[in-house]
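**Student:** The structure follows.
The values are calculated or read from the model by the stated rules, or taken from the named source; none is laboratory data. Every value quoted in this text rests on a predicted model; they were computed, and no experiment measured them. Neighbour counts run over all protein chains shown; Cβ positions are idealised from the backbone, glycine included. Just the protein is used for accessible areas: all its heavy atoms, side chains included, with ligands, DNA and RNA removed. Shrake-Rupley method; radii C 1.70, N 1.55, O 1.52, S 1.80 Å.
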Amino acid sequence: MGEIWQGVHGPLSPTLASPEGIADRSRRRQSRGGRFWILLDVLTVVVSAALAAIYKFHKGPVVEARGFWHGTLIHGRSMGVLLALLFGFSAVLIVTSRRLHLYTPIRLNSILHEQRLSAQACLYSGLLLAGTLYLIHAEDISRSVVLMTVALVTVGLSVRRLVYRLSIYRRFERGVGTRNVLIAGTGPEAQALRNHLDSIRHLGYSFKGFIDLSGAGSGPRLAACSADVVGTLATMFQSARKEFVDEIFFTTPCERGVVQDVLQQARAHGVDLRVVPDMYDGLAWNSPIEYIGQFPTIPLHRGHVPEMGLVLKRGMDLLLAGLALVSLAPLLLLIALAVKLDSAGPILYLSERIGKKGRVFRCIKFRTMVSDAEKRKAELAHMNERDGVLFKISNDPRITRLGRLLRKYSLDELPQFINVLRGDMSIVGPRPPLASEVREYKLSHLRRLDVMPGITGLWQVQARQDPSFDNYISLDVTYVDNWSIWLDLQILARTIGVVIAGTGT
């Protein structure tokens with residue numbers, strides 16, 4: 001089926017910023033996004049120093065080891081200095097890395113450039129540490145340990161960033177984690193940017209169309225762009241919602257007031273906004289120029305992405321899904337055998353569902369219906385007990401005898417832990433809809449596709465038997481707008497009670 005929808009980050013506060021404050025706000029959001037990587041850098045320094053010390057005092061001269069142990073750890077003569085230097089080394093490394101833009105999104109740097117900057121940051125920090133040791137005459141602290149620490153930090157940071165970048169590139173190749181973009185303008189610059197983004201796939205951008213700025217003081221339309229025009233200035237953010245756009249690039253000059261109005265709407269809709277430098281003097285004072293490949297751009301607005309929270313959520317998903325599949329393996333085998341013996345047909349039911357940003361994936365469940373259930377759906381339409389686009393029948397005649405038991409206690413959904421491991425789903429999130437349901441969505445309903453779908457969610461634990469489609473959407477949007485790790489844990493705790501109570505149908 002391909003990808004029929006694409007998505008955007010959650011909405012930010014609609015508070016409007018003056019042009020003079022845009023750069024400061026952008027930098028603050030970028031700073032918050034880099035905290036997780038700063039924490040990893042500090043952890044790398046601590047682990048590297050510990051490994052260097054262990055190796056040195058197991059392999060080095062006994063006299064030197066005793067001197068360090070006696071002078072530093074027993075009398076504490078150098079412990080304070082040692083801790084202060086480790087803290088100072090970490091602080092200098094962080095400051096240097098920030099100045100070298102190592103905490104910016106990876107799409108803004110190439111692999112070789114990032115590796116060179118990592119080595120450069122470690123070298124600067126190591127030289128300062130060695131110089132400080134020399135000036136304060138810290139003789140109890142082995143210079144070889146310091147050099148080994150700097151070397152291990154350099155290798156550790158470089159390898160970690162390389163592995164992370166390669167894993168992200170693999171996700172980009174599968175269409176996961178890419179950022180959807182609209183290009184405002186239809187001139188030569190717009191076409192050049194589109195070709196640039198398409199040719200450098202590891203940038204992680206997915207082109208979704210041009211916005212025709214005719215009548216907004218823009219240049220002429222390029223004939224090659226006409227076929228890919230998806231909207232006008234007036235309908236730009238409706239098009240952005242339909243295509244789940246993350247960023248809009250302005251490539252041609254517009255009147256200052258037009259761009260300011262678009263900037264205000266971008267903040268309200270949670271869409272990032274960039275311009276190609278040209279005639280925007282004063283609108284982006286002090287804003288840094290960031291290169292998208294070889295294309296210079298100025299970020300006017302950048303939304304906050306909770307990187308640490310998302311990493312923790314993914315880690316929790318992998319841990320819980322792995323434990324569930326291992327611990328429940330005997331039960332899964334027993335259910336599979338029972339399904340096979342109960343009725344004719346396959347053991348698993350594979351259904352194409354719509355995930356985050358409209359990515360189509362196959363949702364895995366134990367089969368609970370007869371094999372020709374889809375063909376019989378039309379003749380049962382008059383028995384539907386849900387409103388809107390949902391379809392649900394309490395006593396569905398297509399459900400098998402075993403299927404009713406599996407549905408009652410949600411056992412049919414256990415194979416979806418495989419979807420979690422594959423990255424198609426999360427344990428907690430809105431239920432993945434069918435393509436036929438999504439085609440009936442209004443623009444506001446698409447908000448629920450901004451996050452990874454889940455096995456359980458707020459609707460399942462709070463209003464599972466509620467037939468209202470509006471309440472179904474409202475609870476999912478509430479989850480998206482108020483997501484946190486703590487909310488996920490609360491939903492997981494309530495899910496246990498819901499499953500034991502057997503409220504499934």
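**Student:** Testing TYR472 on (1) open to solvent by 60 Å² or more (accessible area, probe 1.4 Å); (2) at pLDDT below 85, one condition comes back false. Which one is that?
**Tutor:** Condition (1) is where TYR472 drops out.
**Student:** If you don't mind, there's one more thing I want to ask. Residues ALA329, ALA336, ALA324: which one is at pLDDT 90 or above, more than 25 Å from VAL438 (Cα to Cα) and either among the basic types (Lys, Arg) or touching a helix residue (DSSP H, G or I) at 6+ places or on another chain (Cβ under 8 Å) (or both)?
**Tutor:** ALA324
**Student:** On to the next question. All but one of (1) surrounded by fewer than 18 Cβ atoms within 10 Å (Cβ to Cβ); (2) modelled with pLDDT of 80 or more; (3) not in a loop (DSSP other than H, G, I, E, B) hold for ALA234; state the number of the condition that does not hold.
**Tutor:** Among (1) surrounded by fewer than 18 Cβ atoms within 10 Å (Cβ to Cβ); (2) modelled with pLDDT of 80 or more; (3) not in a loop (DSSP other than H, G, I, E, B), ALA234 violates only (3).
Here is a yes/no grid of residues against (1) at pLDDT below 85; (2) surrounded by 14 or more Cβ atoms within 10 Å (Cβ to Cβ); (3) in a helix (DSSP H, G or I):
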residue: GLY388; (1), (2), (3): yes, yes, no
residue: LYS392; (1), (2), (3): yes, no, no
residue: ASP396; (1), (2), (3): yes, yes, no
residue: LEU405; (1), (2), (3): no, yes, yes
residue: PRO432; (1), (2), (3): no, yes, no
residue: GLU437; (1), (2), (3): yes, yes, yes
residue: GLU440; (1), (2), (3): yes, no, no
residue: LEU449; (1), (2), (3): no, yes, yes
residue: VAL461; (1), (2), (3): yes, yes, yes
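**Student:** Additional query: What are the pairs, 6+ residues apart or on separate chains, where a residue within the range 417-446 that is over 28 Å from LEU320 (Cβ atoms) has its Cβ under 9 Å from a residue that is small (Gly, Ala, Ser) and open to solvent by 30 Å² or more (accessible area, probe 1.4 Å)?
**Tutor:** Note: pairs meeting the criteria are GLU440/GLY388.
**Student:** Okay, next question. Under 6 Å between Cβ atoms, at least 6 apart or on separate chains: pull out the pairs that start in the range 153-167 with a residue that is within 17 Å of ILE94 (Cα to Cα) and end on any residue that is of a type in the set (Val, Ile, Thr) and in a helix (DSSP H, G or I).
**Tutor:** VAL153/THR44; VAL153/VAL45; GLY156/THR44; LEU157/THR44
**Student:** Within the range 339-358, track down each residue that is without any contact (Cβ under 8 Å) to a residue 40 or more places away in the chain and in contact with a helix residue (DSSP H, G or I) (Cβ under 7 Å, 6 or more places away or on another chain).
**Tutor:** ILE347, the sole residue that qualifies.
**Student:** Could you please find all residues in the range 161-172 being open to solvent by less than 30 Å² (accessible area, probe 1.4 Å) and of a type outside the set (A, V, I, L, M, F, W, C)?
**Tutor:** Hits for the range 161-172 are ARG161, ARG165.
**Student:** Taking the range 339-369 on its own, how many of its residues are surrounded by fewer than 17 Cβ atoms within 10 Å (Cβ to Cβ) and of a type in the set (A, V, I, L, M)?
**Tutor:** Residues that pass the stated criteria total 5.
**Student:** Quick check on my filter: what residues within the range 173-211 are modelled with pLDDT of 85 or more, within 29 Å of TRP37 (Cα to Cα) and open to solvent by 30 Å² or more (accessible area, probe 1.4 Å)?
**Tutor:** Answer for the range 173-211, where residues must be modelled with pLDDT of 85 or more, within 29 Å of TRP37 (Cα to Cα) and open to solvent by 30 Å² or more (accessible area, probe 1.4 Å): just PHE207.
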